[in-house]
Amino acid sequence: MAVKVVRRCWCWLAGLYVLVILGGCGRQVGSEAAGEHTVAPASAGSATSEQDGATAPSPPKAVDSRSGLAEGTSVAPQEVAGLVAQDDQVVAQANEDLDGDGAVDAVLIVRHQSTESGANPCELLVLQRQAGRLAVSARSGHVVECLYNTVARNAASLQDNLKVARGEIIYSNQREKGTSIYRFDYDQAKQAWFLSEAINSYPQYNEAADKVDLVREAVSYPKDVGWTTLDLFDPDALEEAFAKNRKIME
């Protein structure tokens, strides 16, 4: 008798389990038939809907009340537009807190459409915040070579040539043969950008050895050159220092 009772209990439990499973499957199939399906939550930063493949608009970003910038992003386009001529072409822009004051500044490379005859059309501009507003703190028409450098003069973008970090601006002039790299650092005490390092590299034919050598010339402040601000920078003034530091690379 006890064995029969136990068997009946096991049979009853097994039947109940089957009903539960079938009920769940019925609900799932019914939902899919009605067009309902469960979509896994999109990962952070994804704006694509899995249902129709459309791209959802990004949510508006919070604005830093001190500077008017979207938090963690870049300089507002209208701020830059007010500091360059209408027909100027911005071929590179890097945004960074250049002087460590917590506000986002910018470095631009601008190609002027209207220039004097024989003038370099490209100019590097440093934009830093003064009383919460961007202003040109330093500029140079000698850093970016565009006058005789057809590569830079015709390039749609020079973004890859510009590297910016806090207290540091590096620009690399890439020519058909050779490069010139200029690095400028920020002096907090003087609140000025100055040349800290310059490097030239180019191929040169060695007639005696009947081969082409790779020449490298590197100078730095204060070892090889004097204090030179970005505004007064002139690569021609480095020729003597370059000549003293010329090396043939093996």
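The values are calculated or read from the model by the stated rules, or taken from the named source; none is laboratory data. The structure displayed is predicted, hence computed values, not measured ones. Here Cβ is always computed from backbone atoms with ideal geometry, including for glycine, and neighbour counts include all displayed protein chains.
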If we ask which residues in the stretch 167-190 are touching a residue at least 60 places away in the same chain (Cβ under 8 Å) and assigned to a loop (DSSP other than H, G, I, E, B), their number turns out to be 2
Regarding residue 202, is this residue closer than 22 Å to residue 104 by Cα, at pLDDT 95 or above and in a strand (DSSP E or B)?
no
Applying the selection to the stretch 119-140, what residues are surrounded by fewer than 21 Cβ atoms within 10 Å (Cβ to Cβ), within 21 Å of residue 174 (Cα to Cα) and over 22 Å from the mean Cα position of the chain (by Cα)?
119, 121
Of 225, 164, the only residue that is touching a residue at least 24 places away in the same chain (Cβ under 8 Å) and in a strand (DSSP E or B) is 164
Would you please name the residue that is nearest to residue 157 (Cα to Cα), looking only at residues in the stretch 71-82 that are of a type in the set (A, V, I, L, M) and surrounded by fewer than 18 Cβ atoms within 10 Å (Cβ to Cβ)?
81
Filter the stretch 100-118 down to residues that are touching an Asp or Glu at 6+ places or on another chain (Cβ under 7 Å) and in a loop (DSSP other than H, G, I, E, B) and give me whichever is surrounded by the most Cβ atoms within 10 Å (Cβ to Cβ).
104
Flag for residue 168 being in contact with a Leu (Cβ under 9 Å, 6 or more places away or on another chain), of a type in the set (D, E, K, R) and within 14 Å of residue 124 (Cβ to Cβ):
yes
All but one of (1) in contact with an Asp or Glu (Cβ under 7 Å, 6 or more places away or on another chain); (2) over 18 Å from residue 240 (Cβ atoms); (3) without any contact (Cβ under 8 Å) to a residue 60 or more places away in the chain hold for residue 208, so report the exception by its number.
(1)
Looking at (1) in a strand (DSSP E or B); (2) under 23 Å from residue 114 (Cβ atoms), which is the one condition that is false for residue 193?
(2)
Got a sec? Which of 159, 130, 113 is under 20 Å from residue 230 (Cα atoms), of a type in the set (S, T, N, Q) and in contact (Cβ under 8 Å) with a residue 24 or more places away in the chain?
159
Of the conditions (1) crowded, with 16+ Cβ neighbours inside 10 Å; (2) at pLDDT below 95; (3) more than 30 Å from residue 83 (Cβ to Cβ), residue 176 fails just one. Which one is it?
(1)
Check 180, 172 and return the single one that is of a type in the set (S, T, N, Q) and touching a helix residue (DSSP H, G or I) at 6+ places or on another chain (Cβ under 6 Å).
172
Restricting the stretch 91-110 to residues that are hydrophobic (A, V, I, L, M, F, W, C) and without any contact (Cβ under 8 Å) to a residue 40 or more places away in the chain, the residue that is nearest to residue 161 (Cα to Cα)
108
